[in-house]
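Below you'll find the structure, written out as structure tokens, and then a few comments.
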Amino acid sequence: MQMQQSTALKHYDEEPKLEELKRGEPANAREPTIAELEKARIKGKIHPGAEDEPAKLKERIVSISISPELADDYAMKRPARVEYSFKNNGKSLVPCIFAEILRNLDVYALIVVMTLLAMFKIYQVHETRSMTAAVNEVSIGNANLQKEWLSLLAQRQSLSEHSLIREQAAQKLEMFQPKTEEEIVIRLP
Amino acid sequence: MSLLKNAKGNGNLQISYFRIGIIWSVLILLMGFLITRLLWIQVLHPDRLIAEGNARVVRNYHYEPARGLITDRNGKILAISVPVKTVDADPKRLHENAVADDPKKLSEIAGILDMDPRELAEKIKDPTKRFVHLKHYLEVSKAGKLQALGGNGIILNDSYRRFYPTGAANANLVGILNGEGEGIYGVEQSFNSYLTAVASTSVARKDRYNHIIENLGVIKEGAAGGNLMLSIDNRLQSFAYQKLDEAVKLNNAQSGTAVLIDVRTGEVLALANSPSFDPNDRNHFDVANARNRAVSDIFEPGSTMKPVVALAALEGKDVDWNEVFDTRPFIVDGKMVRDSHAMSQGTLADIIKYSSNTGMAHIALRIGPMRIMSMMERFGFGSKTQSGLIGESSGKLNANRRFWSEIDKATLGFGYGVAVTNLQLASAYATLASGGIKTEVSILRSSKAPVRTQVVSGDEVFRMQNALETVVAEGTGGKAAIDRYRVAGKTGTAKIAQAGGYGNDYMSTFAGYAPFLNPRFALVVVISSPKAGSIYGGTVSGPVFREVMSRALQLYNVPPDKP
């Protein structure tokens, strides 16, 4: 079984027959492999119309160029639908990644948005906690001020106590309450 | 995977499927166990973990607001809760911190706590103890320094100390708190639930710096204590207390009370008691001086009740102002009824003016006790006033007694056989002052219109007022007269009932109001058992009445009504 599948990725030492490719139905009743198509394209043996290969095919133009043994192995395990490569048609990896990202832009954008939202949530929680801490500090401060105010109020009250002031006024300032007969009554109109 | 060559064996490693299977199953089992365990402790039975987590970050926070203020009618504070710290020590920690055996630090701490250093050292010498009480009330300002000295060996807690800035002057009226912060005596007790603050408890999450980062909820809703504004005017109160106290000491009396009422509103402007006590000094607290005698002590009113008895007679037309009474001493049930001021005959006005017991005895015998009792009840005797003060007595009228001997009927005419409180008497004189309109007394400053009821015909009351003015102007109450103001009042000198009869102790009373034409204040001064010479209400209580009343008239800018 393994041996049968391995034919799917044959290494062509010789040029593939153009007719064979054009026919679309290879002699051994298989689809043309990517390598075959690729090779044919490079060599210009596919007529210009071949550039308009169906999208389905285009997607599959990801060739294997790792060591033959490994390629063999891959071929065994995977039915040549998606094949991995460190090169893409000879292009470097980075543009390839970008291309991939661009292709699935909505998904990646969602991932980014979710990450940002998560970060924002963390920031918000942090802010809330800081604010709660600040609010509590303020309310504790308020309570303390309230207490201080009570102390000061008590102090002011004892200093301004009526009988004390009356006593001081009488003793130190020799003040006295005028007698009722000494009072002058002014009647306001 | 691809590096692990399969059984074909063209790689470096050769591992059989069986072994791979074993590895896989072990790994899966381990992962499975791990995941199951996680599921178990985090999803199915998460309580313990949650509890453990909360135990580290969730705390209960208590906060106790201050008890409400008690102020006088002008906002002067009579009672205030001052924040303080209670100080306790943890001797074990003090020993660990090397404070317990540092004489310098110990003497500093003792200095802050106002203690003897040796006493402090004695208290904390046992290093196995974890809690020793050091001081009840420490000023908040000193707390920081103490904490710095003692570290975690000193335990400080928030508390309040009740402070009474006016001291003894208001002590009997305002009352005090017990050790648990509940009002005992006075207004503190009467309005305890209103004044009391409720501590709140809330749950919150804290971070490792002990900041509260999330308020989780309130377990118990707290409430600040309500502030109470009394009808008392502290200026008059302190003055009345001072004068009363002086008079009590001068006359070597047992006790004295003075109640000043605003005739128009029924508000009590001053309510002084002597002897009083220092509410801020609990070391010398004497229970006997704590009660508010003006409302709790009852006494036989004596002659001050004569106007009420006379009004009862006048109302029924049993007597009129022109009738002349025989006021010579006479004997009822073998007991002599006589007067201190001898006269042979007189009209009702003379009887009031010179406070004739014989004249009143004749009137009382004529109309009978029930009518007198009914009039007394209408004046508010025999039932508590609406003051709401704690320990208030309703007095005693004995209206239900079945048998009245003739002497009882006779003496009822001059105020014996019934017992009243000073507040009731003051309220009755306020009623006389306002022409027979009784206004409910109030110890709280009231914003709403007072409840007023006409209890007796105004015309007779106005005639009675004229008689009462002559008491001060010409009769027994001369010492209560105030220059430029017309004062009406009545003296009272009643023997104090003791076990088995009446002794030689007297209750000297002066009850009156001023100014005569447009009455504003009613004042009753009662001095119990004067022992330094005079016993007469006019002489003992009259001067206090004059001084307190003139101060009230001056303070409230009441225009003089005498040219």
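The numbered conditions (1) open to solvent by less than 20 Å² (accessible area, probe 1.4 Å); (2) farther than 26 Å from B:TYR502 by Cα; (3) of a type outside the set (Gly, Ala, Ser); (4) modelled with pLDDT of 90 or more are all true for B:ILE437 except (1).
Residues that are over 26 Å from B:VAL337 (Cβ atoms) and in contact (Cβ under 8 Å) with a residue 24 or more places away in the chain number at least 3 in the following strands (runs of 3 or more DSSP E) confined to segment B:455-563: B:521-528. Of the candidates B:ALA89, B:ALA55, the single residue that is touching a residue at least 40 places away in the same chain (Cβ under 8 Å), aliphatic (A, V, I, L, M) and more than 14 Å from B:GLY226 (Cα to Cα) is B:ALA89.
How about segment B:440-452: which of its residues are modelled with pLDDT of 90 or more, outside any loop (DSSP other than H, G, I, E, B) and either within 20 Å of B:PRO307 (Cβ to Cβ) or open to solvent by less than 10 Å² (accessible area, probe 1.4 Å) (or both)? Within segment B:440-452, no residue meets the criteria. Counted as qualifying within segment B:260-352 are the strands (runs of 3 or more DSSP E) with 1 or more residues that are closer than 28 Å to B:PHE516 by Cα and touching a residue at least 60 places away in the same chain (Cβ under 8 Å), namely B:268-274.
All told, B:THR86 meets the bar of being assigned to a strand (DSSP E or B) and away from chain A (no Cβ under 12 Å). Filtering segment B:369-416 to residues that are open to solvent by 40 Å² or more (accessible area, probe 1.4 Å) and in a helix (DSSP H, G or I) leaves B:MET370, B:ARG371, B:SER374, B:GLU377, B:ARG378, B:GLU406, B:ASP408, B:LYS409.
A quick yes/no check of all residues on (1) farther than 20 Å from B:LEU314 by Cα; (2) polar (S, T, N, Q):
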residue	(1), (2)
B:ILE351	no, no
B:SER356	no, yes
B:SER383	yes, yes
B:PHE403	yes, no
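For segment B:156-208, the set of residues classified as in contact (Cβ under 8 Å) with a residue 24 or more places away in the chain, over 30 Å from B:ASP90 (Cβ atoms) and of a type in the set (S, T, N, Q) consists of B:THR166, B:ASN170, B:ASN172, B:GLN189, B:SER190, B:THR196, listed by residue number. Listed by first and then second residue, the pairs linking a residue in segment B:95-123 that is closer than 22 Å to B:TYR137 by Cβ to a residue that is among the polar types (S, T, N, Q), with Cβ atoms under 9 Å apart and 6 or more places separating them unless they lie on different chains, are B:PRO117/B:SER107; B:LEU120/B:SER107. Listed by first and then second residue, the pairs linking a residue in segment B:27-50 that is of a type in the set (Val, Ile, Thr) to a residue that is surrounded by 11 or more Cβ atoms within 10 Å (Cβ to Cβ) and assigned to a helix (DSSP H, G or I), with Cβ atoms under 7 Å apart and 6 or more places separating them unless they lie on different chains, are B:ILE41/B:LEU49.
Any chance segment B:137-153 includes a residue that's within 37 Å of the chain's Cα centre (by Cα) and under 30 Å from B:ARG235 (Cβ atoms)? Within segment B:137-153, one or more residues are within 37 Å of the chain's Cα centre (by Cα) and under 30 Å from B:ARG235 (Cβ atoms).
Count of segment B:483-507 residues, restricted to those that are surrounded by fewer than 22 Cβ atoms within 10 Å (Cβ to Cβ) and of a type in the set (Val, Ile, Thr), is 1.
Filtering segment A:151-189 down to residues that are within 7 Å of chain B (Cβ to nearest Cβ) and hydrophobic (A, V, I, L, M, F, W, C), which residue is nearest to B:ARG486 (Cα to Cα)? Out of the qualifying residues, it is A:VAL185.
Residues that are β-branched (Val, Ile, Thr), in a helix (DSSP H, G or I) and open to solvent by 40 Å² or more (accessible area, probe 1.4 Å) within segment A:143-186 comprise just one, A:ILE165.
Of the residues B:GLY167, B:GLY144, which is on the phi > 0 side of the Ramachandran plot and within 14 Å of chain A (Cβ to nearest Cβ)?
Details: B:GLY144 fails: on the phi > 0 side of the Ramachandran plot.
When all the criteria are applied, what remains is B:GLY167.
Within segment B:518-560, which residues are within 13 Å of chain A (Cβ to nearest Cβ), over 28 Å from the mean Cα position of the chain (by Cα) and farther than 18 Å from B:ALA430 by Cα? Answer for segment B:518-560, where residues must be within 13 Å of chain A (Cβ to nearest Cβ), over 28 Å from the mean Cα position of the chain (by Cα) and farther than 18 Å from B:ALA430 by Cα: B:ASN557, B:PRO559, B:PRO560.
Taken over segment B:259-309, the criterion of being of a type in the set (Lys, Arg), more than 21 Å from B:GLY388 (Cα to Cα) and open to solvent by 30 Å² or more (accessible area, probe 1.4 Å) is satisfied by B:ARG282 alone. In segment B:209-232, how many residues are more than 12 Å from every other protein chain (Cβ to nearest Cβ) and not polar (S, T, N, Q)? Selection size over segment B:209-232: 10.
Every residue, every condition in (1) at pLDDT below 90; (2) closer than 30 Å to B:HIS62 by Cα, yes or no:
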{"site": "A:LEU93", "(1), (2)": "yes, no"}
{"site": "A:LEU102", "(1), (2)": "no, no"}
{"site": "A:GLN124", "(1), (2)": "no, yes"}
{"site": "A:SER130", "(1), (2)": "no, yes"}
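Open to solvent by 10 Å² or more (accessible area, probe 1.4 Å), within 14 Å of chain A (Cβ to nearest Cβ) and either over 24 Å from B:VAL441 (Cα atoms) or modelled with pLDDT under 95 (or both): is that true of B:PRO515 in this structure? The answer is no for B:PRO515. In segment A:126-150, the residues that are more than 9 Å from chain B (Cβ to nearest Cβ) and farther than 15 Å from B:ASN215 by Cβ form no Cβ pair under 8 Å with any partner that is in a helix (DSSP H, G or I) and open to solvent by 90 Å² or more (accessible area, probe 1.4 Å), whether six or more places apart or across chains.
For B:LEU78, the criteria (1) in contact (Cβ under 8 Å) with a residue 24 or more places away in the chain; (2) open to solvent by 10 Å² or more (accessible area, probe 1.4 Å) hold in every case but one, which is (2).
Any residue at all in segment B:109-122 that is under 27 Å from B:ARG161 (Cα atoms), within 13 Å of another protein chain (Cβ to nearest Cβ), within 33 Å of the chain's Cα centre (by Cα) and surrounded by 18 or more Cβ atoms within 10 Å (Cβ to Cβ)? No: segment B:109-122 contains no residue that is under 27 Å from B:ARG161 (Cα atoms), within 13 Å of another protein chain (Cβ to nearest Cβ), within 33 Å of the chain's Cα centre (by Cα) and surrounded by 18 or more Cβ atoms within 10 Å (Cβ to Cβ).
Screening B:LEU30 on (1) in contact with a His (Cβ under 9 Å, 6 or more places away or on another chain); (2) open to solvent by 90 Å² or more (accessible area, probe 1.4 Å) shows it passes everything except condition (1).
The values are calculated or read from the model by the stated rules, or taken from the named source; none is laboratory data. Just so it is clear, the structure is predicted and the values come from calculations on it, not from any experiment. Using ideal geometry, Cβ is built from the backbone for each residue, glycine included, and neighbour counts are taken over all protein chains shown. We work out accessible area using only protein heavy atoms, side chains counted, and drop any ligands, DNA or RNA first. Shrake-Rupley method; radii C 1.70, N 1.55, O 1.52, S 1.80 Å.
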